[in-house]
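Novice: Would you mind keeping the following structure in view while I ask a few things?
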């Protein structure tokens, strides 16, 4: 059984005892910090000393945005507690076979990704949501040092988050700019896009990629870097991959990000100065979903390793499967999801009263059921409240989308056409 068959089997025949399980959504915290002016130099990429590594970008981008209707989002809300099956309990991932050789089938590994964040607008004509901090990034790394690397970025137009939001936006007079609260300040997004910008800092050597697990010897990357040969030597056993991918959280990383939302500034500063005082802990299901998504989209994993990683994710406590999910581009998929979590926003950092309160969110990785490819990672509203009191369960709060990616023999170049 290859990774596609495994994924298809994973979505089939959900067990009755898991019908109440939640759909998972990605940690949106860092994305919500993306409310700063969009500058290409601020976009995240791997730039260790004397080499350029391949990375993901959805966590730190800010962008001007676009008026068009999102093809999923709240258009097909998925209520929490929808049907699902516990990962790894039905034997669907017990036999995973590779479809191709362990070494890459192309010269360049590339990824075209889209990032966006939901923000509320509250005019007198009625509330609606927009997608802001909307950006697209494109990068590649060659399999060999001589093949080099490249990085481009552009801002995408802000846009109503769903058909219903588009109707409310029109009732409000179809504004072309949106003032929002982002992290700890106000920012304004617009309906304008920018041209692709080639970042010279993204030009470098090829041959090295982000790797699985922490790198205790590196003070600059914080993670291992690997070659394609290194990926070929990785274990395919799910338990061994889980040990690499889901290490114990230590130091400041061990701070619960949900609890940090409610922590006084003085306490946060104290912990930053003395991270050793934070007790180690295991990763949560949503953190495992996030780590798995990063590995699957950023790393040129051989098919058997990729399938083993999917099996490892599916076997984690608190991770389930959900069928008939759509990503923000409207592509249908099968999702690996984590149990919902509750988030409380306070006024500690100057957050306006209307943006405060408690709500629950879920995280998911959406896979193409026809190819097994990762389509997106999404953060979705499970229980409305706080800043999202006017939204319905299933509304997409933030996302990154893999528009396209993989190995190619031709040197990659970013597409001219906008994704929406």
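Only the coordinates and a few stated rules stand behind these numbers; no lab work does. All figures in this text were calculated on a predicted structure; none of them were measured in a lab. Counting neighbours? That spans all protein chains shown, and the Cβs are built from the backbone with ideal geometry, glycine included.
Novice: Output the relative contact order of the stretch 254-330, whole-number percent, from Cα pairs under 8 angstrom with separation of 6+ residues.
Specialist: Details: 21 pairs, mean separation 19.5, N = 77.
25 percent.
Novice: Could you tell me the center-to-center distance, by alpha carbons, between the stretch 229-291 and the stretch 155-192 in angstrom?
Specialist: Rounded to whole Å, the Cα centres lie 34 Å apart.
Novice: How do the peptides 110-119, 161-170, 378-387, 344-353 rank, highest first, by the average count of neighbouring beta carbon atoms within 10 Å per residue?
Specialist: Working: 110-119: 26.0, 161-170: 20.2, 378-387: 22.9, 344-353: 13.0.
Highest mean packing first, the order is 110-119, 378-387, 161-170, 344-353.
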